[in-house]
1. Tell me whether region 187-204 contains one or more residues that are more than 25 Å from LEU379 (Cα to Cα) and part of a loop (DSSP other than H, G, I, E, B).
2. If we scan region 368-390, do we find a residue that is assigned by the TED database to the domain that holds GLY205, closer than 18 Å to ASP278 by Cα, surrounded by 14 or more Cβ atoms within 10 Å (Cβ to Cβ) and of a type in the set (S, T, N, Q)?
3. Taking the condition at pLDDT 85 or above, closer than 29 Å to ASN145 by Cα and out of contact with any Asp or Glu (no Cβ under 7 Å at 6 or more places or on another chain), does LEU79 pass?
4. So, in region 46-76, of the ones that are closer than 21 Å to GLU114 by Cα and modelled with pLDDT under 65, which residue ends up surrounded by the fewest Cβ atoms within 10 Å (Cβ to Cβ)?
5. Would you please name the residue that is farthest from ALA95 (Cα to Cα), looking only at residues in region 109-135 that are at pLDDT 85 or above and touching a helix residue (DSSP H, G or I) at 6+ places or on another chain (Cβ under 7 Å)?
6. Quick test for you: out of ALA148, ALA120, pick the one residue that is surrounded by 16 or more Cβ atoms within 10 Å (Cβ to Cβ), within 26 Å of LEU79 (Cβ to Cβ) and either over 22 Å from the mean Cα position of the chain (by Cα) or outside the structural domain of THR392 (by the TED database) (or both).
7. Checking the structure you have, find out if any residue of region 173-190 is closer than 30 Å to GLN367 by Cβ, modelled with pLDDT under 80, within 29 Å of the chain's Cα centre (by Cα) and not aliphatic (A, V, I, L, M).
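The values are calculated or read from the model by the stated rules, or taken from the named source; none is laboratory data. In this text the structure is predicted, and so the values were computed from the model without any measurement. Virtual Cβ from ideal backbone geometry, glycine too; neighbours counted across all protein chains shown.
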Amino acid sequence: MTRFSYQALQADGASVSGSVDAQDELKALELISARGLTPVDIENGSPRGPWWTRELSITGASSVKPRDLEAFIESFATLLEAQLPLPRALEFCEAQARNHELKQALSELRGDIENGQTLASSLSSQDKVIPERLQSMLRLGEKSNTLALSVSKAAAMLKSEADMRRELRSAMVYPIILLIMSLLVLALIIFYLAPTLGPVFETAGAAPPPILQAMLSMQGFLISQPLFALAGLATTVLALVVLRNPIGNMLGKALSRIPIISTYHKNRETLRFCQTLDLMLAAGATLPEALSAAEDATPSARWKGKILESRLDIEAGGTLSSSLGEFTEFNPMALSLIRAGEESDAMRSMLSSATAQLESDTRTTLQQALRFLTPALTLIIGGMVGFLIISTISAILDLNDIAF
C-alpha cells in the first residue's frame, strides 16, 4: 500500500486536503471520489502543511506527547461508552486534539473508516502516532466486539502511567531549582569574584590557588572565545538530545545498582507487563499475542529478550510461570499470582490482582526513592557549590598571609 496526499474540492466548493492508502494512483482517486470529493491534485507521500503548523522532532520520532495520547484515549473511551458511532467519536477527538500530528492521524483514521475500512486496517499506517501496544488492543477490541471496554482499560493504564510521571516530575522541581541557583552562584564567582582576586595575587607576585587559577582560566576563555564557547554549548545540548536514549540507558543501569531504585524498576516493569497482558487477554487475545504486545510495550532490551523467550516457550507447550521463574527482575508476588492463575484457569483474575497490587507497591517504592533521591541530589549539588565557596574563602585568607 502507498500513501497518497491530495487536494480536493467539497460539494460546496471548499478546498480540503488529506491522504489515502491505496495500491496505485487510480485506486487512490477512486477512494477520494468515494468520500464525495472532487480531486484536484494528488501525489505520493503524506500532506505537509505550512512549516508553522508542523511540530519539529530532532530525532525524527513522533511529536505526539504522552499527555496528548492520554487525553485522546480518555475522550475516545468516554465517547464509545456513550455508544457514539466510531467515525463520529473520532471526529470529536480530532476536534479536541491540540497536537497537529495526532489531529492529522485521527482525520485519516476517520476518513478510512468512513470509506469502509476497518479500524484494524486503518491503524497500520499510524504506527508513528499510536504505539503498537495500543494498536494491538484496539484491533483485538474491534475483532471481539469489545472496543469500548478495550479503550476504557487502555485509558486507565495510560492515566496510571501519567500519574507516576507527574509525581516524578513534581519531585524533581526542587533539585532543578537548586541546580539553577548553583549555576548562578558559579557564574557570580567566575565572572565577578575571581577576576577581583586574581590581580591582587599578581601584584603580590604570588601564584593564585589552583581552584582560583582554574576559574580565571575559564573566565578568560569564555570572554576571549565566546563563539567557541557557544558552539561547544550548542554541540553538547544537541548531543544530549540526539543521544538521550543511550544516555538514559547508561544512567538507568548506574542507578539500578541502588537497591531502592532497583526495586522500583523491577516493580515498574512487572506492572507494565501485567497491565499489558491483562488488557490484551480481556480484549480476546491469546497468550502468545498478549506476550507479543508486552514485548513491544517495554523499553528494556533485557525484558524484551525474556518476553520473547517466554512466548517461544509457551508456543512450544511450556507455561508462563516456569519460563519467568528464573528471571530475577520479575516481581515474586506477581509470579506467584501468575502461577496460581495457570493452576486455577483464572489467569485474567490473577493478572488483575497482580496489577492492582503492583500499582500500589510501585507508587510506594517511587515515593521512597524520591525521598532518597531529592536529598542526595541536594547534598551533591550543595557540596559542589560549597567546595567552590570554601576555595574562594581560602584564596581570600591567602591574601591576608601575603599582606602580612
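1. no
2. no
3. In short, yes.
4. Among residues in region 46-76 that are closer than 21 Å to GLU114 by Cα and modelled with pLDDT under 65, the one surrounded by the fewest Cβ atoms within 10 Å (Cβ to Cβ) is SER46.
5. Filtering first and then ranking leaves ASN115.
6. Selected residue: ALA148, the only one of ALA148, ALA120 that is surrounded by 16 or more Cβ atoms within 10 Å (Cβ to Cβ), within 26 Å of LEU79 (Cβ to Cβ) and either over 22 Å from the mean Cα position of the chain (by Cα) or outside the structural domain of THR392 (by the TED database) (or both).
7. Yes, region 173-190 has at least one match.
Listed here are the residues, each with its yes/no results for (1) within 30 Å of ILE247 (Cβ to Cβ); (2) modelled with pLDDT under 90; (3) outside the structural domain of PRO246 (by the TED database); (4) within 26 Å of the chain's Cα centre (by Cα).
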position: ASP278; (1), (2), (3), (4): no, yes, no, yes
position: ALA290; (1), (2), (3), (4): no, yes, no, yes
position: ALA293; (1), (2), (3), (4): yes, yes, no, yes
position: ILE314; (1), (2), (3), (4): no, no, no, no
position: PRO332; (1), (2), (3), (4): no, no, no, no
